[in-house]
Amino acid sequence: MHRELAGITELARTEGPRSAAERMAETLAWRLSPARRSFARRLEHERVLEREFDERFGVDTWGESSLTEVGVPANKAREGNGIYRGIWADVFHEALRGTGLPVDDLTFVDYGAGKGKALLLASAYPFRRIVGVEFAPGLCEVARRNLAVFHSPTQRCFSLGVEGADALEWEPPAEPLLCFFFNPFSDEVMERVIARITESWYRIPRDIYLLYVNIRNTDEQARVFDRCPELTLLRRDRHALLAKVTPHVVHECPAAPFLTPE
Ligand SMILES: C[S@@+](CC[C@H](N)C(=O)[O-])C[C@H]1O[C@@H](n2cnc3c(N)ncnc32)[C@H](O)[C@@H]1O
């Protein structure tokens, strides 16, 4: 709660009392919801697993960091949902297996790569290559260190990298993609990032899948994917939503019959 109050105070200072009041209402609604208690229990359990993962592989992906503390300006941090948190391994694997996609030909792109946890987990699959995009300089540095030291007996992809960039300005690679999002953005930023991806598809048509993961519920942002006409929803459950960029065909009306005046 201390961190949330600090965030609300920061918001009141940078964006005014209205935004702060809205954030306070959202925070209270979540704190009072019955789902929160079971989520809090799960969080405790996952924290233990996160520490075990870090110890086992000699990396640092654990914990949460406020984005303003890792070099992101306050307005950008708010658009980026305020905090870094690494994806939980079981949720990641379930979401990826749930896609049912053969991944050999796909490049895995983690939009908002944080400390690189999803990149490390993705390396257990035979992706063509794996790349992360992260705008927080402090997190990017940690991710690069993690990629450099990580070795796993189950690793199947060895081409891993992270680029320090804002997802809103980053150009998606011109190859078949699986774009992964672990709840990194506000609705508005997500819409703009999806628009960049679909524009890229129109320039270079290829397979592009979007996998959105939310450890609470995909309901939180599913509407953004639903209202994009270039996306076809392939699958959705509580934690994962899979969509594919598909051409938006404009159906032309058949020519009106020629009418002869009577
Ligand atoms: C919830 S964390 C997810 C970390 C990582 N994807 C994982 O699954 O372990 C979201 C990350 O998105 C990053 N982010 C938010 N907005 C961004 C933007 N516009 N461009 C690049 N990174 C962004 C944040 O800095 C944060 O590290």
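The values are calculated or read from the model by the stated rules, or taken from the named source; none is laboratory data. Here the structure is a predicted model, which means the values were calculated and not measured. Note that we place each Cβ from the backbone using ideal geometry, even for glycine, and neighbour counts take in every protein chain shown. Remember, those area values only see protein heavy atoms, side chains included, never the ligands or the DNA or RNA. Shrake-Rupley method; radii C 1.70, N 1.55, O 1.52, S 1.80 Å.
Brief remarks on what is shown
- Highest-MSF residue in the chain out of Val142, Val213, Val133 [GNM, Cα springs under 10 Å]: Val142
- Normalised by the number of residues in segment 85-245, the average gap of Cα pairs under 8 Å and 6 or more apart makes the relative contact order 21 percent.
- Residues of type aspartates and glutamates that Lys244 reaches as a straight line, Cα spacing below 13 Å, ignoring anything fewer than 8 places off in the same chain: Asp207, Asp226, Glu230
- Gaussian network model of the chain, Cα within-10 Å springs - most flexible of Tyr212, Tyr125, Tyr202: Tyr202
- Shape analysis of segment 109-262 places it in the prolate category; the axes a ≥ b ≥ c from the Cα gyration tensor give an a/c of at least 1.5, with a/b above b/c.
- Local charge for Arg156 was computed over the other residues whose Cβ lies under 15 Å away, with Lys and Arg +1 and Asp and Glu -1, and equals +1.
- Taking the centroid of alpha carbons for each part, segment 99-146 and segment 197-241 are 18 Å apart.
- Annotation: amide H-H contacts under 5 Å for Gln155 (H modelled 1.01 Å from N, sequence separation of 5 or more, or interchain): none.
- In a reduced charge model with +1 at each Lys and Arg Cβ and -1 at each Asp and Glu Cβ, segment 85-245 shows a dipole moment near 420 debye about its Cα centre.
- For the chain, the solvent-accessible area works out to 53 Å² per residue, with a probe of 1.4 Å and every protein chain left in place.
- The alpha-carbon of Lys76 sits under 20 angstrom from the alpha-carbons of these lysines, leaving out residues fewer than 8 places away in its chain: Lys115.
- In order through segment 156-168: 3J(HN,Hα) via Karplus (6.51 cos²θ - 1.76 cosθ + 1.60), integer Hz, x for Gly, Pro: 10, 10, 10, 9, 10, x, 9, 10, x, 7, 7, 4, 6
- Heavy-atom accessible surface of segment 85-245: percent carbon and sulfur, 1.4 Å: 49
- Sequentially through segment 61-74, phi angles give Karplus couplings (6.51, -1.76, 1.60; θ = phi - 60°) of 10, 5, x, 10, 9, 6, 5, 5, 7, 10, x, 9, x, 4 Hz, Gly and Pro residues having no value and appearing as x.
- Residues whose amide H lies under 5 Å from that of Phe180, counting only those 5 or more places away or on a different chain, are Val109, Asp110, Tyr111, Leu211; hydrogens are built 1.01 Å from N in the peptide plane.
- Estimated 222 nm signal from helices in the chain, with DSSP H stretches of n ≥ 4 weighted -39500 (n - 2.57), rounded to 500: -13500 deg cm²/dmol
- Along the axis of the charge dipole computed for the chain (Cβ charges of +1 for Lys and Arg, -1 for Asp and Glu, origin at the Cα centre), the listed residues Ser152, Cys179, Val48 are led at the positive end by Val48.
- Summing +1 for each Lys or Arg and -1 for each Asp or Glu among the other residues whose beta-carbon sits under 14 angstrom from that of Leu106 gives 0.
- Ordering of 135-141, 225-231 by packing [mean C-beta count within 10 Å, highest first]: 135-141, 225-231
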